[in-house]
Amino acid sequence: MAETESGPVRLQAWLARAGVASRRAAERLILEGRVSVNGSVVTELGTKVGPGDAVLFDGKRLSLEERKRYILLNKPAGLLSAMSDPEGRPLAVDLLKPEVEERVYNVGRLDQWSAGLLLFTNDGELASLLGHPSGGIEKEYEVETDLDLPDDFLPAFLRGIVVEGIRYAALRAARTGPRSARIVLVEGKNREIRRVLAARNLRALSLRRVRIGPLAIGDLAEGAHRELSPAEVAALYAAASRKD
């Protein structure tokens, strides 16, 4: 049945909510006769659907509840990567509303004062794959520090630095300025870069994640979000499923 929360809606809007296509593209699909409602092919744009209606696209039954969402957010610093907070602090997920109606969850975390790429989805399988310790998904960061980076800092981070009995090691690291660097991690331990910097009496003035596996933040504005393309979702699955 074509579930909606506010009664009947135009078929093209319903198709867009189900993730088939944008509203404009959905209009073309209807005009091409590729959509049926309750067993009848629909070719008029004025058709509305509501609870109890069966909608098929190219012969496949659709449901709003089955729609998987994959959202890339450029999180500003200061927002929590959590679904709720007892202290009432601002949440990154609130930036997705009202455009994203489904209940999505952040995959992994960025600490409150870190910015950059944060992935949200309601696809539990992908979230599990990305979060598994054996996944080996690369995460790339840009960091700017309060003091010049010592010459031996990045080489030591590549070899491994032990802080309070825990070993932290970068996969790759390159200086981009006297007080800045790009660092690639795979283990994703909590506050890894900040802990290693603090062990060398350094502090991150800014820390920004710019890539997760094949996903790069690109020119997405801070605070903005976008839907992943099917190709990007497939690339994430491939990267998360690969065991070297």
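Quick one: N106 ticks every box in (1) without any contact (Cβ under 8 Å) to a residue 40 or more places away in the chain; (2) not in a strand (DSSP E or B); (3) not charged (D, E, K, R) except a single one, so which number is it?
Condition (2) is where N106 drops out.
Select, from L154, L202, the only residue that is in contact (Cβ under 8 Å) with a residue 40 or more places away in the chain and farther than 19 Å from R109 by Cα.
Checking each option against the conditions leaves just L202.
Kindly indicate the residue of the range 130-150 that is hydrophobic (A, V, I, L, M, F, W, C) and under 14 Å from G188 (Cα atoms) and also modelled with the highest pLDDT among those meeting that condition.
Checking each candidate, the answer is I137.
Regarding the range 168-175, can at least one residue be identified that is assigned to a loop (DSSP other than H, G, I, E, B), free of Cβ contacts under 8 Å to residues at least 40 places away in the same chain and buried (at least 16 other Cβ atoms within 10 Å of the Cβ)?
yes
In the range 132-167, which residues are in a strand (DSSP E or B), surrounded by fewer than 18 Cβ atoms within 10 Å (Cβ to Cβ) and over 27 Å from the mean Cα position of the chain (by Cα)?
The answer is V162, V163, I166, R167.
Of the residues K97, K68, which is modelled with pLDDT under 95 and surrounded by fewer than 14 Cβ atoms within 10 Å (Cβ to Cβ)?
K97
Residue by residue through the range 1-44, note down the ones that are among the aliphatic types (A, V, I, L, M) and modelled with pLDDT of 90 or more.
Residues satisfying the conditions are L11, L29, I30, L31, V35, V37, V41, V42.
The values are calculated or read from the model by the stated rules, or taken from the named source; none is laboratory data. The shown structure was predicted, so the numbers you read here are calculated from the model rather than taken from an experiment. When we count neighbours, we look across all protein chains shown, and the Cβ atoms used for this are built from the backbone with ideal geometry, even at glycine.
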